[in-house]
């Protein structure tokens, strides 16, 4: 479990920096999939969809600054209400791509790195030279 | 993989080359205490090159609670020591210290924050780098305050509140000085300490001009080179100014179940007369199975006198502990002792007082615990305290000055604190003092 977000993040970074041809192929497909997924039409950001029922994301959410936390709660409650009413937001209130910021991912990566470091120290073998 | 990188880093640190440093001034030796001192890059260093396998290294920083912008922020900054820095995380520092063998402690007094590392002599470069990182570039992350440091601050405050003598000491300082030295040592629940407050305070006080590095078991040239290697990038800043402390006085009472304490305090500018009077009054046992022959020894340890030397002020406290009845009689004995001194000091009593004061003053500078006091004097006056001048100052105290100090305490307004079952503890004027 530990390191799964790190792995995905670094894979994506690797592709965009080291395989530009592959990245060029995938990016329009990515745009199409985001639009048809429709989470922006419910007023959500991508990081609101990350499954939070695990200790890593829970810790990351606890580290959010207060205003980011309140905004997240608002977006999720609004999306719940829309889901209940089987409706989408009016077109003017759809989330724009600039607003779809990966706000939670840096905190998740930080928490994962810390857990990974702790695992490393707990399982290391000491060799005296 | 991680182990080899750790040991490689340690080997690299241990094999740094000794560089000639043009900005290093000539080392001066204060022969009596055995310290050699110097100034490198604006940082004062003093070291005692003693034999033995253990080195003690202290960073003494003029960042104590008296300089706090918000009450309690100095406590938070002290508790932030040894957390994450850009080079290594707090966890990594702890594990590496455990592997090498050593101890890292941080201490807070009203005058300074003291970061102390004790380790085997060969590990000096590693621990110097560790302390320099803590001083020069701590990360001070928001989540650390919430997850790690915040709970520690609460615990410290809780433990302090459960110790009646600490509560009394905080009360005496608060009544005596109000602001500055009167600010509380510990962060209370009512204090609004945010990460921005801590960062601002750290930017203000963790500067080269506020730092004194004191070591025992290291030589001056190695230390000077380490300073220029690791502390070059630290902010220079200006030294925190120490405003003069005025003495106010007053009476405070703290109801608590933590025990009963009655304490009186009087403060003035630094003077060896305070030390001699505290020694003449005495009370604390320095010889096993005996309370000595000082004026307060008849209370069998229930009442004792102590002098706390701050930077720019000396505070004399007379403290009585025990049950309310014991405190009443010990307090009465203390006031009688003051009246005896105010009536006149015989030469033998003065001699005993001077001898006790000399020993206490020099003992405070001794050993690893004494490095903090040496650093405090180094920061305040620019030079290491000289044993000969301390001795001559105390020996020049006259019976007349001790008598007049006792007269002042009996006639002027003092600070008085009662802790515990306050309804049964006496007020200052019931014992004959003014508060």
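Bear in mind that the values in this text are calculations on the coordinates, not laboratory data. Remember, predicted model here, so these are calculated numbers, not experimental data. Cβ placement follows ideal geometry from the backbone for every residue including glycine, while neighbour counts extend to all protein chains displayed.
Please identify, among A:40, A:118, A:75, the residue showing maximal mean-square fluctuation in a Gaussian network model of chain A using a 10 angstrom Cα cutoff.
A:118
What Kirkwood Rh does the range A:44-129 have if only Cα atoms enter the pairwise 1/r average? Answer in Å.
Here the Kirkwood hydrodynamic radius works out to 15.4 Å.
Please report A:80, A:86 as a ranked list, fewest other C-beta atoms within 10 angstrom at the top and most at the bottom.
Sorted ascending by nearby Cβ count, the order is A:86, A:80.
Give the angle, between 0 and 90 degrees and rounded to the nearest 10, that separates the Cα long axis of helix B:324-343 from the longest principal axis of the Cα atoms of chain B.
80
Tilt of helix A:66-85 relative to the longest C-alpha principal axis of chain A, in degrees (0 to 90, nearest 10)?
50
Identify which of B:51, B:76, B:355 has the largest mean-square fluctuation in a Gaussian network model of chain B, with springs joining Cα atoms closer than 10 Å.
In the Gaussian network model the winner is B:51.
Starting with the fewest neighbours, write out A:42, A:115, A:124, A:85 ranked by other beta-carbon atoms found within 10 Å of each beta-carbon.
A:85, A:124, A:115, A:42
Arrange B:335, B:280, B:397 by Cβ neighbour counts within 10 Å, fewest through most, would you?
Starting with the residue having the fewest Cβ neighbours, the order is B:335, B:397, B:280.
Mind giving me the FRET efficiency for residue A:82 and residue B:194? R0 is 35 Å, r the Cβ-Cβ distance, nearest 0.05 is fine.
0.45
As a check on your grasp of the helix formula, calculate [θ] at 222 nm for chain B: sum -39500 (n - 2.57) over DSSP H runs of n ≥ 4, divide by the residue count, round to the nearest 500.
Dividing the helical sum by the residues of chain B leaves -12500 deg cm²/dmol.
I'd like the FRET efficiency for residue A:12 and residue B:106, computed as 1/(1 + (r/R0)^6) with the beta carbon distance as r and R0 of 56 Å, rounded to 0.05.
0.85
Helix B:195-205 sits at what angle to the longest principal axis of chain B, using alpha carbons and giving 0 to 90 degrees rounded to 10?
Computed tilt is about 90 degrees.
How many nm separate the modelled label positions at residue B:286 and residue B:54, each set 7 Å beyond the Cα in the direction of the Cβ?
Each label point lies 7 Å from its Cα, and together they span 2.4 nm.
Which distance in Å, rounded to a whole number, links the C-alpha centroids of the range A:33-101 and the range B:368-435?
Value for the Cα centre distance between the two parts: 63 Å.
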